[in-house]
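Some notes on the structure that comes next.
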Amino acid sequence: MRIDVALGDRSYPILIDRGLLDHCDPLIDLARGRQVAVVSNDRVGPLYAARLAAGISSVASKIIHVTLPDGEANKDWLNLNRIFDVLLEHRFDRKTLIVALGGGVVGDMAGFAAALYQRGIEFVQVPTTLLAQVDSSVGGKTAINHPQGKNMIGAFHQPRLVISDVDTLQTLPDRELSAGLAEVIKHGLMADPDYLDTVERDLPALLAKEPAALIRAVAGSCEIKARVVAADERESGLRANLNFGHTFGHAIESGMGYGRWLHGEAVGCGMLMACDLSQRLGLIDAALTQRARRLLVAAHLPVQGPAWTPEQYLQHMEVDKKAEQGAPRFIVLQALGKARMQRVPIETLFATLRSCGAT
């Protein structure tokens with residue numbers, strides 16, 4: 001299956017299928033005659049890096065491997081420099097192709113390295129987690145974390161190609177599969193009621209990692225995200241709606257310490273908080289909030305946040321890319337499949353936080 005992200009001369013395809021890791025003609029074409037750096041981590045690399053490299057070894061002029069430590073806690077300047085160190089050590093030039101093989105952390109860091117190395121080189125996303133296949137590999141957001149906020153240092157840098165081989169999800173731990181389902185559910189809640197119906201119906205098959213259901217989920221999410229990115233590449237308006245649940249979720253991630261909660265777990269909990277907030281604002285009814293809760297619970301995602309005070313939540317939310325002059329703004333649901341950004345009265349926000357875990 002192919003989905004195109006329409007960005008003029010920077011348009012690129014998303015390929016979704018089984019068996020793409022071993023042979024993918026568009027990747028072979030991109031790698032032909034070029035130096036290729038495969039960036040992965042110490043969990044995914046041993047599983048898939050050799051297979052991917054074998055598929056392009058006959059056409060690339062040189063292939064090197066860069067292995068990063070796994071985990072959100074390692075998404076920082078130190079590990080970003082590991083990529084630059086290897087590229088410079090091997091005298092890689094401006095025609096170098098970086099291939100990001102792994103989950104969202106690898107994709108974000110390899111993409112950011114591509115945006116910066118010699119003022120910008122091309123890269124390919126090969127996501128190996130559900131979260132990365134349905135969300136972070138598409139749209140060109142690249143970044144590292146700062147101790148005071150998630151993804152606060154980064155750049156927009158679109159890939160040339162996204163290759164989503166759903167067979168790689170068979171080795172994904174159940175907890176990380178559930179984390180990816182949070183973004184799948186998010187796309188249905190904020191953009192497409194019919195897709196949410198499909199996800200709801202397919203949820204048992206998705207949890208069982210059935211390939212046909214996985215392809216449907218990845219394709220459905222990518223179609224939504226590709227449409228939004230084409231309309232608003234740099235998040236000046238519509239694309240911000242994809243951050244539904246993220247203001248709460250990023251606060252949980254950074255406040256707990258990166259890696260304690262997986263990104264999808266924090267976003268899943270954040271989405272329920274955002275639904276509660278939308279309900280308190282009179283925008284949606286209790287039935288939609290309860291539907292979201294049932295889906296999140298069925299996907300084995302947390303629905304209660306850390307037992308912080310509302311003031312502690314607010315402190316973490318003030319360091320957020322959607323904040324204006326330190327005041328957080330929230331993506332809320334106007335209805336199923338329709339979202340918007342707005343400021344929220346502090347007393348309403350605190351009521352939501354207290355209902356979802358705050359003390």
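Got a sec? Which of Ala213, Ala219, Ala191 is buried (at least 16 other Cβ atoms within 10 Å of the Cβ) and within 16 Å of the chain's Cα centre (by Cα)?
Exactly one residue qualifies, and that residue is Ala219.
Return the pairs, sorted by first residue and then second, in which the second residue is among the acidic types (Asp, Glu) and not in a strand (DSSP E or B), the first residue lies in the range 100-126 and is surrounded by fewer than 24 Cβ atoms within 10 Å (Cβ to Cβ) and at pLDDT 95 or above, the beta carbons are less than 9 Å apart, and the residues are 6+ apart or on different chains.
If the second residue must be among the acidic types (Asp, Glu) and not in a strand (DSSP E or B), the pairs left are Gln118/Asp93; Ile121/Asp93.
Looking at (1) of a type in the set (A, V, I, L, M, F, W, C); (2) under 21 Å from Ala143 (Cα atoms); (3) crowded, with 17+ Cβ neighbours inside 10 Å, which is the only condition Ala53 fails?
Only one criterion is unmet by Ala53, namely (2).
What are the pairs with Cβ atoms under 9 angstrom where one residue, in the range 243-266, is farther than 13 Å from Leu314 by Cα and modelled with pLDDT under 90 and the other, located anywhere, is not aliphatic (A, V, I, L, M) and not in a loop (DSSP other than H, G, I, E, B)? Sequence gap at least six, or different chains.
Tyr258/Glu72; Tyr258/Asn74; Tyr258/Asn145; Tyr258/Lys150; Gly259/Glu72; Gly259/Asn74; Gly259/Glu253
With the range 235-332 as the region, which helices (runs of 4 or more DSSP H) entirely inside it contain at least 1 residues that are farther than 22 Å from Arg343 by Cα?
Values: elements: 246-256, 263-280, 286-298, 310-317.
In the range 235-332, 246-256, 263-280, 286-298 are the helices (runs of 4 or more DSSP H) which contain 1 or more residues that are farther than 22 Å from Arg343 by Cα.
Which of the residues belonging to the range 49-68 are out of contact with any Lys or Arg (no Cβ under 8 Å at 6 or more places or on another chain) and not polar (S, T, N, Q)?
Here is the first cut: in the range 49-68, the residues out of contact with any Lys or Arg (no Cβ under 8 Å at 6 or more places or on another chain) are 49-58, 62-65, 67.
Those that are out of contact with any Lys or Arg (no Cβ under 8 Å at 6 or more places or on another chain) and not polar (S, T, N, Q): Ala49, Ala50, Arg51, Leu52, Ala53, Ala54, Gly55, Ile56, Lys62, Ile63, Ile64, His65.
Can you tell me which residues in the range 4-42 are farther than 19 Å from Ala53 by Cα and either surrounded by fewer than 21 Cβ atoms within 10 Å (Cβ to Cβ) or in contact with an Asp or Glu (Cβ under 8 Å, 6 or more places away or on another chain) (or both)?
Selection gives Asp4, Ala6, Leu7, Gly8, Asp9, Arg10, Ser11, Tyr12, Pro13, Ile14.
Being part of a helix (DSSP H, G or I), acidic (Asp, Glu), closer than 23 Å to Ala292 by Cα and open to solvent by 10 Å² or more (accessible area, probe 1.4 Å): is that true of Asp135 here?
Yes: the conditions hold for Asp135.
Please go through the range 225-251 and pick out each residue that is small (Gly, Ala, Ser), buried (at least 19 other Cβ atoms within 10 Å of the Cβ) and either under 20 Å from Lys150 (Cα atoms) or touching an Asp or Glu at 6+ places or on another chain (Cβ under 6 Å) (or both).
Within the range 225-251, Ala240, Gly245, Gly249, Ala251 qualify.
Residues to consider are Gln290, Gln312; find the one that is open to solvent by 60 Å² or more (accessible area, probe 1.4 Å), under 18 Å from Ala182 (Cβ atoms) and not aliphatic (A, V, I, L, M).
Gln290
The values are calculated or read from the model by the stated rules, or taken from the named source; none is laboratory data. This is a predicted model, so every value here is computed, not measured. Please note: Cβ atoms are built from the backbone with ideal geometry, for glycine as well, and neighbour counts cover all protein chains shown. For the accessible areas, the whole protein counts, side chains as well, though only heavy atoms, and no ligand, DNA or RNA atoms are used. Shrake-Rupley method; radii C 1.70, N 1.55, O 1.52, S 1.80 Å.
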